[in-house]
């Protein structure tokens, strides 16, 4: 099965980003291991069972090469950018090399800024603070809250019935807006895993003089990203979803809006010079850095987080996306086939079961609330899933409403929710079969 659609990615002749070579299909043993793969957890009756983690879409476990990279950096850890000592110089070099590695991983343009942040939410809010005055944002209500909520002036679009309708709705909305405008869209849904037509949406945005921000948090752990070939203006993603759970994320994109805006945080590193003060009888006057990255990375940065993020990028690139995608598609196919055979389990989808997706599936179970399913899977079978509305409340309500499920099962706050199973490196066929068997047994009880 094809992993992308023509609307989602550029043609196969598009350049592969430097630092991200496609390696030949290899055995599963070539895929790096995750830390905690042998974790055992208690279940009812006092037994210990091997944990089956299906919560990758929330936070992926740490890759062993990532853990090793952080351990290697710790002995010489020091300040960055302003120290003359050997450890400071080495730490600075590692930090800036991490920036270079992440730039290559994303296929960014030479002049693009790579600003390290805490996560995708932080990166999106940073860009929101840097929009030119009068900018109008166009965003679909299918977005994660990180992309839906930061904007002061936004046109919100209803969930589209098919990919072409998403392109048409964006086209019409952008055409009606004067002045600066930004289209915000996810690359892969954190609820359904479905891939969005980001190449086509970027083309439409640019035709109307708009820019586009892509939330790539759920894409980059599963598929290669090439910002240049896709002609994207900005992308944001998180280390904790990319097997680098050390508190770093990134905003990558055009530097002009970033250098023209006030710093996201005001402090050391963002300032080039601070003059005046009481001794001089004048108010403080600050000159901010003209470098977009320094301007928005005030204070001591999360060096180890950046090192971890870069190590994850290197590990995935070295493995080769062919191997990773082939294994993921095999496992998510087994999972979806298994769920489809269980009476009373209903998969949620915006664009139908055949639309390309990453390794995420959300579903509801007749007679069970989402929380009851998640708790039973954990306490009885040692299986971890996510339940609720996945920080995408409007979208989940839409999907549940379309499926006639709004009155069936509740979240802790009394609203309807779903169960989400997500896979990644470290997921095995045994995990998938355990989840399907456990759900089959749970459904048989009611």
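Computed from the coordinates by the stated procedures, all read-outs in this text should not be read as laboratory data. Worth saying up front: this structure is predicted, and the values here are computed from it rather than measured. Note that we place each Cβ from the backbone using ideal geometry, even for glycine, and neighbour counts take in every protein chain shown.
Semi-axes of the chain's equivalent ellipsoid from the Cα gyration tensor, sqrt of 5 times each eigenvalue, largest first, rounded to whole Å?
Gyration-tensor ellipsoid for the chain: 37, 27, 21 Å.
Calculate for the chain the 222 nm mean residue ellipticity that helices alone would give, adding -39,500 (n - 2.57) per DSSP H run of length 4 or more and normalising by residue count, nearest 500 deg cm²/dmol.
Result for the chain: -10500 deg cm²/dmol, rounded to the nearest 500.
Compute the angle between helix 64-73 and the longest alpha-carbon principal axis of the chain, please, reported from 0 to 90 degrees and rounded to the nearest 10.
Roughly 30 degrees between the two axes.
Run the simple label-point estimate for residue 89 and residue 76 please: 7 Å along Cα→C-beta, distance reported in nm.
1.0 nm
Which order do the peptides 152-158, 198-204 take when ranked by the mean count of other beta-carbon atoms within 10 Å per residue, highest first?
198-204, 152-158
Counting pairs of alpha carbon atoms under 8 Å apart in space and at least six apart in sequence, what relative contact order in percent does the range 291-371 give?
Taking the mean separation of contacting Cα pairs over the length of the range 291-371, I get 22 percent.
Once fully extended, how much extra length lies between residue 165 and residue 68, figured as 0.36 nm per residue of separation less the alpha-carbon to alpha-carbon distance?
In short, 30.4 nm is gained.
For all pairs of alpha-carbon atoms in the range 110-256, what percent lies in each bin of width 10 Å, listed from the first bin to the last filled one?
12, 46, 36, 6, 0
Take every Cα-Cα pair in the range 65-317 and report what % of them are more than 33 Å apart.
When all Cα pairs of the range 65-317 are counted, 22 percent exceed 33 Å.
So how much slack lies between residue 175 and residue 141, counting 0.36 nm per residue of separation and subtracting their Cα-Cα distance, in nm?
Full extension of this stretch gives 10.3 nm more.
Give the order of 189, 289 when sorted by the count of other beta carbons within 10 angstrom, beginning with the fewest.
Listing 189, 289 from fewest to most nearby Cβ atoms yields 289, 189.
In Å and from the alpha-carbon atoms only, list the Rg and Dmax of the range 239-331.
In Å, with Rg to one decimal and Dmax whole: 19.6, 70.
Set the Förster distance to 30 Å, then compute FRET efficiency between residue 109 and residue 275 from the Cβ-Cβ distance, nearest 0.05.
The computed FRET efficiency comes out at 0.30.
Relative to the longest principal axis of the chain, what angle (0 to 90°, nearest 10) does the C-alpha long axis of helix 393-402 take?
The answer is roughly 30 degrees.
What distance in nm lies between label points placed 7 Å from Cα along the C-beta direction at residue 402 and residue 37?
That separation, rounded to one decimal, is 3.7 nm.
Going by alpha carbons, how many degrees (0 to 90, nearest 10) lie between the helix axis of 321-340 and the longest principal axis of the chain?
Once rounded, one gets 40 degrees.
Return a whole-number percent for the relative contact order of the chain, with Cα pairs under 8 Å and 6 or more residues apart as the contact set.
Taking the mean separation of contacting Cα pairs over the length of the chain, I get 23 percent.
For a quick check: sort 329, 280 by the number of other beta carbons within 10 angstrom, fewest at the front.
Starting with the residue having the fewest Cβ neighbours, the order is 280, 329.
Once you put a point 7 Å from the Cα of residue 340 and another 7 Å from the Cα of residue 380, both along the Cβ direction, what distance in nm separates them?
For residue 340 paired with residue 380, the spin-label model returns 2.6 nm.
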